Amino acid sequence: MREPSREYPASPEHRTGSGATAQPPEVWIGRATNRVQWLLAVGGAACIALGVELAVDSTWTSGILPLLMSVVGCLAAGLLVLFGTLAFVHVAVKVDGDCLEVRCGHIGLPRRTIPLELVVGADFVPSVTPRQWGGWGYRWRPEIGTAVVVRRGEGVALKLGDGRVFTITVDDAETAVRVIRDRLRLLGTGKPAGA
């Protein structure tokens, strides 16, 4: 017996029966990862280690103020680089019945939740690059919108009702777009699926 074609991959949340039309999965989760960020995180950790080394093992010959400035500078730079890189090592995108949630890094910050009732369309973007957005991370450019860019590659561009665009780099972005469009169709907002 031939299995019916499926618009979405088989998962515990989504299975179609014989002759049934494909329904959006209850929850769709996608991820994107950038392992190069770990190298930058090592640089941040090295700055922190240097600051600690200066504080603990200094001979204090040049005075307390230059030493304090060096220690604070190394620790601050190290923490900023470490958090900034670890926050964007990966991104997780979750689409459920009424919203899309974007969580960055291992602790999920920064995080953004967009109710699907505010979305008027979703488009597949075949190539999102850090160069387009001015780097990795949570980016904003007035002429093109807001984005979460963790790596070069495919992504999803959400068109919001207020005219803004929110772009996310995520693996299997075409499936994400189909799921979002089907959700919008079920909610009665946005353009029809496949448009």
In the range 22-76, anything more than 30 Å from residue 153 (Cα to Cα), of a type in the set (Gly, Ala, Ser) and either in contact with a strand residue (DSSP E or B) (Cβ under 6 Å, 6 or more places away or on another chain) or not in a helix (DSSP H, G or I) (or both) is listed as 58, 62, 63
Which one is farthest from residue 141 (Cα to Cα), of the residues in the range 178-187 that are of a type outside the set (D, E, K, R) and open to solvent by 10 Å² or more (accessible area, probe 1.4 Å)? 186
Within the range 93-112, the count of residues that are touching a Lys or Arg at 6+ places or on another chain (Cβ under 6 Å) and open to solvent by 20 Å² or more (accessible area, probe 1.4 Å) comes to 3
Taking first residues from the range 122-137 that are charged (D, E, K, R) and second residues anywhere that are open to solvent by less than 20 Å² (accessible area, probe 1.4 Å) and part of a strand (DSSP E or B), the pairs with Cβ under 6 Å that are 6 or more apart or on different chains are 123/157
Out of the residues in the range 113-143 meeting the condition of being closer than 26 Å to residue 83 by Cα and in contact with a helix residue (DSSP H, G or I) (Cβ under 8 Å, 6 or more places away or on another chain), tell me which one is most open to solvent (accessible area, probe 1.4 Å). 136
Within the range 138-185, track down each residue that is closer than 19 Å to residue 88 by Cβ, in contact (Cβ under 8 Å) with a residue 40 or more places away in the chain and either basic (Lys, Arg) or in a loop (DSSP other than H, G, I, E, B) (or both). 150, 151, 170, 171
Quick test for you: out of 87, 157, pick the one residue that is among the aliphatic types (A, V, I, L, M), crowded, with 19+ Cβ neighbours inside 10 Å and in contact with a Ser or Thr (Cβ under 7 Å, 6 or more places away or on another chain). 157
Of (1) among the β-branched types (Val, Ile, Thr); (2) open to solvent by 30 Å² or more (accessible area, probe 1.4 Å); (3) under 27 Å from the mean Cα position of the chain (by Cα), residue 56 satisfies every one except (3)
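The values are calculated or read from the model by the stated rules, or taken from the named source; none is laboratory data. Computed from a predicted structure; not experimentally measured. Methodologically, a virtual Cβ is constructed for each residue, glycine included, from the backbone with ideal geometry; neighbour enumeration extends over all protein chains shown. In case anyone asks, the SASA skips ligands and DNA or RNA and just uses the protein heavy atoms, side chains included. Shrake-Rupley method; radii C 1.70, N 1.55, O 1.52, S 1.80 Å.
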